[in-house]
1. So, counting K/R as plus one and D/E as minus one, what does the shell of residues with Cβ under 15 Å around Ala79 add up to?
2. Using the Cα centre of the range 65-271 as the reference point, and only Cβ charges (+1 on K/R, -1 on D/E), how large is the resulting charge dipole? Debye, rounded to the nearest 20.
3. For the range 110-122, just list the computed ³J(HN,Hα) in residue order, Karplus coefficients 6.51, -1.76 and 1.60, θ = phi - 60°, integers in Hz, with x standing in for Gly and Pro.
4. Can you tell me the Rg and the Dmax, both Å, for the Cα atoms in the range 65-271?
5. Per residue, how much accessible surface does the range 65-271 expose to a 1.4 Å probe? Answer in Å², no decimals.
6. Counting only protein heavy atoms and a 1.4 Å probe, tell me what percentage of the range 151-210's accessible area is made up of carbon and sulfur.
7. Which far-off residues, 5 or more places away or on another chain, put their amide H under 5 Å from the one on Arg264, with H placed in the peptide plane?
8. Show me, for the range 237-250, the HN-Hα J-couplings you get by feeding each phi into the Karplus relation (A = 6.51, B = -1.76, C = 1.60, θ = phi - 60°), rounded to Hz, glycine and proline as x.
Amino acid sequence: MALLFSLPPPSSPSSSSPSFSSHYFSISLSSGHQSGRRIRFLPVAATTTTHNRQHSIPLDKSWLAVAEASEEDQLWAAACLRVRSFYDFQDSSYGIHDHKRYLTEREFVALKERIAGKRKGFKRVSCINATLPLSQLSSSANDLCAACKFTSNGEDRVVVGTLDLNQCLWLPEEIAGTKPEGIEAGFGRAYLSNVCVARELHRNGLGYDIVTKSKIVAEEWGITDLYVHVAVGNEPAKNLYMKSGFIHENNEPAWQARFLDRPRRILLWIGLPCTNEL
């Protein structure tokens, strides 16, 4: 089971890069990858699909660090976790490892460009990761450790949760928030996307931890209105966001969900105190 929460925006209108979303519990995005069909990455929306249940590894959270990421090594590990969380792979399939690397490289490049301000429509983007020392994860998490490990200040750590905070008016192919209005919308509105937690570590509150950190960073940016898109049937994700203070604002039109061939979304909102005048 993999904790997924929201999908991030595609690279550009002409090229789709892995974008993921914010939701709680096992989530797997089935992205229409069929023979002869172009791979399509959904924009920021919280879609959760349940996998076979997997035993959750208990954590000593005194070792947990939740912070913004900027080093390429850690951004790569975050991209690995997103691909690992949002896609179901048959490991016995021919060429699957090359395909995983292709998806990871695509998200890694897109993530770096979003953070660097090179994607049109985004005023500011931050990748927020939850990480643990490699030494604190048991042998039952070997696959996670191998895929999502990075080195910081001489210490081996593992990305166990990740999301993007996007300061923008709207996310591609998603319904837009309505607050704040007027000229303030360009500065005061933001969205969560690509929210996911390693499937081995569900039920440890990691989703709540990274969402809480994102609200702190958003306040520092001067964000007054924070949004997240969630699939209608994603009860675990909705429960996570409600626990974090989000409330319902709007529903995606049924025709839009049908056109995009995906589960229908709802838009959740939370108001934040502004601590930084822009």
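The values are calculated or read from the model by the stated rules, or taken from the named source; none is laboratory data. A quick note: this is a predicted structure, and the numbers were derived from the prediction, not measured. Ideal geometry is used to build each Cβ from the backbone, glycine not excepted, and the neighbour counts take in all protein chains shown. What goes into the accessible areas is simple: the full protein's heavy atoms, side chains included, and nothing from ligands, DNA or RNA. Shrake-Rupley method; radii C 1.70, N 1.55, O 1.52, S 1.80 Å.
1. The answer is +1.
2. On the way: 26 positive and 27 negative charges, 69 e Å.
Value, rounded to 20: 320 debye.
3. Residue by residue, the range 110-122 yields 5, 4, 4, 5, 5, 5, 6, x, 9, 9, 4, x, 10 Hz.
4. Answer for the range 65-271, Rg first and Dmax second: 17.2, 53 Å.
5. Values: 8880 Å² over 207 residues.
I get 43 Å² per residue for the range 65-271.
6. Working: 1070 of 2040 Å².
Exposed carbon and sulfur together represent 52 percent of the surface.
7. Val232
8. Residue by residue, the range 237-250 yields 5, 4, 4, 4, 5, 4, 4, 7, x, 6, 10, 6, 10, 7 Hz.
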